[in-house]
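Structure first, commentary second.
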Amino acid sequence: MATPRLLLAVLCCTAMLLYSVYLGAFGVLLPYLGTAFSLGVEAQGRLFPANFAGFVVGVLLCGYLSDRWGRKAVLLMGLAVYAGGLVLFGSAGSYVLALAAALLVGAGSGAMEVVANALAADLYPEKRAFLLNALQVAFGVGAAASPTLCRYLLTHGTDWRWLYFGLAAINLVVFVILSACRIPKSAAPEALELSALRTVLQKPSFAILCGMQALYVGAEVSFFSWLPTYFEKQLAGGAAWVAGVGTLFWITMTIGRFALGGLLGRYPLMRLTALCAGGGVFFAALALLLPALLPVLVCVALTGLFIAGIFSLVLAEAGERFPSVAGTAFGGVVAAGGVGGAVIPWGIGALASTSLGWQGALALVPLALIGTLLLSLRLQRRVPKNF
């Protein structure tokens, strides 16, 4: 007997939440990792390319495989690899082993993200944009809670390694539950045709969507991952908000995603994306320019509120344009996001060690969002549907 669609949708949301807990706490964990492996800021920044290199491989491979083998099998594979990477990271005795573990974590989380989104789109094709946004709400909940929870545990005697072990154990519980589920026939993807895949990859709109996601994810990951360091090292009075700034950002991100649910279906997806990106540019820039703590916190919160929906809006647009190869299309777009998540945060870590300092290096965040805004306008005005 097929498992109810609602339970499968909840499991997809849970997979996204588990990934977000890891990613949301990363900015708080970075100094502890630096101490454990004797790393400077630039070396800490190399963990981003390691993680997102695995993420890109996992997304590209598993998006394609989920169209061929089915969503459940590939999602289970992603959960297993993610848990294995977390255990290896928690056990790592050297920086090299930590980099290898980050690759595995990235590969598993990439598979989880792309397949969970594709499965959710299959389950409720009539509510695709709404479901994809719901998954991002779940992501926001985990990312909002994890920085403060992580900071509390670390400052009350918990070894950072046990945070990885605990998350791996929870991940395995989800693996067991999903193993017992059966996918409804209506949610099973059609067999992938290579000709359809080639057609998707040749569309100008596909390249634009990939570019938008790369710039957006790079900006988002950079903002919440490096803000704790910026607050501690450069902003007067910011040290007290090292954990709280990440939680604040993700709380408003989650609120923004809830609010977006009420706008979906009323306005074109790319028009909403342009609005989100424009607000993000303005408030992210202000957060870096203002010198006082309270106005900066307000701008951080408003940045999260505005950019909250961009990821799911871009994915929903890809799903509408290429519904017959959703897994592969999602895979390409999410993988492009992984490239941005690897390159832009690493670039900020490298630039922060130069005369630009943290303020100048973090200027890459509003610049990347400007790119997202321009591409959304181009897709809206110049590229017709399905082309």
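The values are calculated or read from the model by the stated rules, or taken from the named source; none is laboratory data. None of these values were measured; they are calculated from a predicted model. Glycine gets a Cβ as well: all are built from the backbone with ideal geometry, and neighbour counts include every protein chain shown.
One residue is enough: does region 187-202 have a residue meeting the conditions over 27 Å from MET270 (Cα atoms) and at pLDDT 80 or above? No - not one qualifying residue is present in region 187-202. Looking at LEU315, LEU288, just one residue is modelled with pLDDT of 85 or more and not small (Gly, Ala, Ser), and that residue is LEU288. Where helices (runs of 4 or more DSSP H) fall entirely within region 223-337, none has at least 3 residues that are small (Gly, Ala, Ser) and in contact with a His (Cβ under 7 Å, 6 or more places away or on another chain). Scanning region 257-287 for residues that are of a type in the set (Lys, Arg) and either surrounded by fewer than 21 Cβ atoms within 10 Å (Cβ to Cβ) or touching a Pro at 6+ places or on another chain (Cβ under 8 Å) (or both) turns up ARG266, ARG271. When region 95-111 is filtered for residues that are touching a residue at least 24 places away in the same chain (Cβ under 8 Å) and among the β-branched types (Val, Ile, Thr), only VAL105 remains. Closer than 19 Å to TRP346 by Cα and either in contact (Cβ under 8 Å) with a residue 40 or more places away in the chain or not in a helix (DSSP H, G or I) (or both): is that true of SER205 in this structure? Against the criterion (closer than 19 Å to TRP346 by Cα and either in contact (Cβ under 8 Å) with a residue 40 or more places away in the chain or not in a helix (DSSP H, G or I) (or both)), SER205 does not qualify. Here LEU79 meets each of (1) modelled with pLDDT of 85 or more; (2) part of a helix (DSSP H, G or I); (3) farther than 30 Å from ALA259 by Cα with one exception, condition (3).
Here's the yes/no breakdown for (1) of a type in the set (Gly, Ala, Ser); (2) over 22 Å from GLY341 (Cα atoms):
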{"site": "VAL57", "(1), (2)": "no, no"}
{"site": "LEU60", "(1), (2)": "no, no"}
{"site": "LEU75", "(1), (2)": "no, no"}
{"site": "TYR82", "(1), (2)": "no, no"}
{"site": "GLY85", "(1), (2)": "yes, no"}
{"site": "ALA92", "(1), (2)": "yes, yes"}
{"site": "TYR95", "(1), (2)": "no, no"}
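Scanning region 351-368 for residues that are in a helix (DSSP H, G or I) and farther than 14 Å from TYR216 by Cα returns LEU351, GLY357, TRP358, GLN359, GLY360, ALA361.
Report whether or not GLU113 is at pLDDT below 90, charged (D, E, K, R), part of a helix (DSSP H, G or I) and within 26 Å of VAL21 (Cα to Cα).
Yes; evaluated as a whole, the condition is true for this residue.
Out of the residues in region 12-41 that are farther than 18 Å from VAL105 by Cβ and either among the hydroxyl-bearing types (Ser, Thr, Tyr) or buried (at least 22 other Cβ atoms within 10 Å of the Cβ) (or both), which is modelled with the highest pLDDT? Ranking the qualifying residues of region 12-41, first place goes to CYS12.
Take the conditions (1) under 18 Å from the mean Cα position of the chain (by Cα); (2) buried (at least 22 other Cβ atoms within 10 Å of the Cβ); ASP122 misses just one of them, which is (1). Considering every residue within region 115-126, establish whether at least one is touching a Lys or Arg at 6+ places or on another chain (Cβ under 8 Å) and of a type in the set (Asp, Glu). Looking for residues that are touching a Lys or Arg at 6+ places or on another chain (Cβ under 8 Å) and of a type in the set (Asp, Glu), one finds at least one in region 115-126, hence yes. Taking the residues in region 57-71 that are surrounded by fewer than 23 Cβ atoms within 10 Å (Cβ to Cβ) and part of a helix (DSSP H, G or I) as candidates, determine which candidate is modelled with the lowest pLDDT. The residue in question is TYR64.
Table: residues versus (1) more than 21 Å from ALA138 (Cα to Cα); (2) of a type in the set (Val, Ile, Thr).
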{"position": "LEU17", "(1), (2)": "no, no"}
{"position": "VAL21", "(1), (2)": "no, yes"}
{"position": "ALA25", "(1), (2)": "no, no"}
{"position": "LEU29", "(1), (2)": "yes, no"}
{"position": "ALA36", "(1), (2)": "yes, no"}
{"position": "LEU47", "(1), (2)": "yes, no"}
{"position": "TYR82", "(1), (2)": "no, no"}
